[in-house]
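This report refers to the structure that appears directly beneath it.
The values are calculated or read from the model by the stated rules, or taken from the named source; none is laboratory data. Treat the numbers as computed from the prediction; the structure is a model and nothing was measured. So basically every Cβ, Gly included, is an ideal-geometry build from the backbone, and we count neighbours across all protein chains shown. The protein model used for the area step is the full one, side chains on, heavy atoms only, and it has no ligands, DNA or RNA in it. Shrake-Rupley method; radii C 1.70, N 1.55, O 1.52, S 1.80 Å.
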Protein chains: 2
Amino acid sequence: MTTTEQQTGAAADEQAAAPARPLRADAERNRVRILAAAREVFARRGLEAGLDEIARHAGVGTGTVYRRFPDKTALVEALFDERLDQVVACVKDAVADPDPWAGLCAALESLVAMQIEDHGLKDVIFGEIGDLESFRSRRAEILPLVEQGVRRAIDAGVLRPDVELTDFAAVQVMLVQVAAFAEAADPQVWRRYLHLLLDGLCTRREAPTPLGGPALDLDAFEAACGRHLPAPTTQPSAPTGR
Amino acid sequence: MTTTEQQTGAAADEQAAAPARPLRADAERNRVRILAAAREVFARRGLEAGLDEIARHAGVGTGTVYRRFPDKTALVEALFDERLDQVVACVKDAVADPDPWAGLCAALESLVAMQIEDHGLKDVIFGEIGDLESFRSRRAEILPLVEQGVRRAIDAGVLRPDVELTDFAAVQVMLVQVAAFAEAADPQVWRRYLHLLLDGLCTRREAPTPLGGPALDLDAFEAACGRHLPAPTTQPSAPTGR
DNA sequence: CTTAAGCGGAAGGACTCTCTCCGGATGGAC
DNA sequence: GTCCATCCGGAGAGAGTCCTTCCGCTTAAG
């Protein structure tokens, strides 16, 4: 960690991609494959995925990953820096909707959908990797946007006035979590709860708005509860007795 | 699961507590202390707590824990068998309320409150330890109760009719998760979202019902996001570079 | 052709957690 | 008061996990 030279050099390569010292063709090719593999593996399994898995998936050795990115955090940062730009842009679009209510709905839906399609993104947002600086700044961009969206919707009289910014964030947390919970059983069922929450968030309503798709059936729910034992390896097995 | 003898024997000791062969006085004393320690540690840290920690907290050696309970699962089962009875009773009471709506609210609130006060209970319910038989049967008791409560509330016209049993369960999941998320910042703030969800669940309403306590402030929310690095041991320390 | 850059992947820690083992201590029956 | 079955503590074996390094071989490119 003390030797700074290589790190600075590597970082420059990752971002500027050429100026300092253009990577050898095969190295550049591998860099791209590693990023693609990381994007895919992190999206599917979240940040808990090991670098071995990413290397295997990219068809390179683990050493190759480490020559390009000094450590796991650097890889995550390189990947999600761009990704978070998309999140910001997406939220910006949503809250800019001329209809304040539609804007809030869209922001909520996009945020949850993005995090469910990319579990790595969820983990970054939830700080599962220990406070990435790159996200701290993005959160500072997103929150005021949402704040503005919330205020606008309250002023328009469509959003209940006792809702605060952090409530909106908490609603998003609830949706992401229930979506992750039910994901294996039905990756779309969280939209029911989006509608349910929106019905709770609006100022008043005569009748429930339709929930959208079907609910989970009982078997699917049971399965969602018991999904924590896919481990195919050696269990304590039989001869554990004493 | 294959070796039945010892387990059956041990189980008998734990439950009947005397008939077969009364434990020596000190052993019995330790058994009680272990259970008390486990109750406390599991409640605070969830089932991920190690048996070493429980042993230390009980003031005994780990070997002592293992002599009394053949493995971690047995200890968990011994503890939560009784605990789950309380859950069933509590839900039974709630849905028996003469007011169907009040019954549902009470059931939801109790379920969430119990799981937040006892993270081990939450983990058992969410299957974090691999399908305890003892809970499978309890779930079979609870679900029909809730089902009946839901149906009654729909028939009474207070609960929106497109809600199904698993939706109720999912709502409970959302609340437990958001409660766990915000717990360190404010252990009560989930009640705001209980009210919010209830407003979404009811058939119609003129105005929002009050949310109860205050929302999280921004700092508290930030802290809740970044709470995954309380590790007091050797951090990467300063020279982590960037 | 030469050589520095790059490559794979085995191996080196550094953890974690469950569970076992055994010499020594002790409750309680007689 | 004696004696031994029972129990105790806690070190450590064993089995994982994951991040990171190292080194002999390969290869792009001037």
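Annotations
- A single member of A:A43, A:A27 is modelled with pLDDT of 95 or more, under 26 Å from the mean Cα position of the chain (by Cα), open to solvent by less than 60 Å² (accessible area, probe 1.4 Å) and not basic (K, R), and it is A:A43.
- Every pair of residues 6+ apart whose Cβ atoms lie under 6 Å, when the first sits in the range B:197-214 and is closer than 17 Å to A:V158 by Cβ and without any contact (Cβ under 8 Å) to a residue 12 or more places away in the chain while the second is open to solvent by 40 Å² or more (accessible area, probe 1.4 Å) and hydroxyl-bearing (S, T, Y): B:D199/B:T209
- Among the residues making up the range B:105-117, a single one is open to solvent by less than 10 Å² (accessible area, probe 1.4 Å) and under 13 Å from B:A153 (Cα atoms): B:A107.
- The range B:38-59, residues that are within 16 Å of B:A78 (Cβ to Cβ) and within 13 Å of DNA strand C (Cβ to nearest atom): B:A38, B:V41, B:F42, B:L47, B:A49, B:L51, B:I54, B:A55
- Those residues of the range A:199-217 which are of a type in the set (A, V, I, L, M, F, W, C) and either open to solvent by 20 Å² or more (accessible area, probe 1.4 Å) or part of a loop (DSSP other than H, G, I, E, B) (or both), in sequence order: A:A207, A:L211, A:A215, A:L216
- Any hit, the range B:186-196, residues being within 14 Å of A:D199 (Cα to Cα) and either among the charged types (D, E, K, R) or surrounded by fewer than 17 Cβ atoms within 10 Å (Cβ to Cβ) (or both): no
- Answer from A:A36, A:A102, A:A11, A:A18 - the residue that is more than 11 Å from DNA strand D (Cβ to nearest atom), surrounded by fewer than 16 Cβ atoms within 10 Å (Cβ to Cβ) and modelled with pLDDT under 95: A:A18
- Subset of the range A:221-232 [open to solvent by 20 Å² or more (accessible area, probe 1.4 Å) and either among the hydrophobic types (A, V, I, L, M, F, W, C) or modelled with pLDDT of 95 or more (or both)]: A:A223, A:L229, A:A231
- Matching residues, the range B:186-195, being facing another protein chain (nearest Cβ under 8 Å) and farther than 14 Å from B:C105 by Cα: B:V189
- Of all residues in the range A:119-138, none are aliphatic (A, V, I, L, M), surrounded by fewer than 18 Cβ atoms within 10 Å (Cβ to Cβ), assigned to a helix (DSSP H, G or I) and out of contact with any strand residue (DSSP E or B) (no Cβ under 9 Å at 6 or more places or on another chain).
- With respect to the conditions (1) free of Cβ contacts under 8 Å to residues at least 40 places away in the same chain; (2) under 20 Å from A:A182 (Cα atoms), A:P98 falls short on a single one, namely (2).
- When residues of the range A:155-185 are limited to those that are more than 9 Å from every other protein chain (Cβ to nearest Cβ) and acidic (D, E), the one most open to solvent (accessible area, probe 1.4 Å): A:D155
- Close pairs from the range A:20-37: first in contact (Cβ under 8 Å) with a residue 12 or more places away in the chain and within 19 Å of A:L75 (Cα to Cα), partner more than 10 Å from DNA strand D (Cβ to nearest atom) and open to solvent by 60 Å² or more (accessible area, probe 1.4 Å), Cβ under 8 Å, at least 6 apart: A:A37/A:H57
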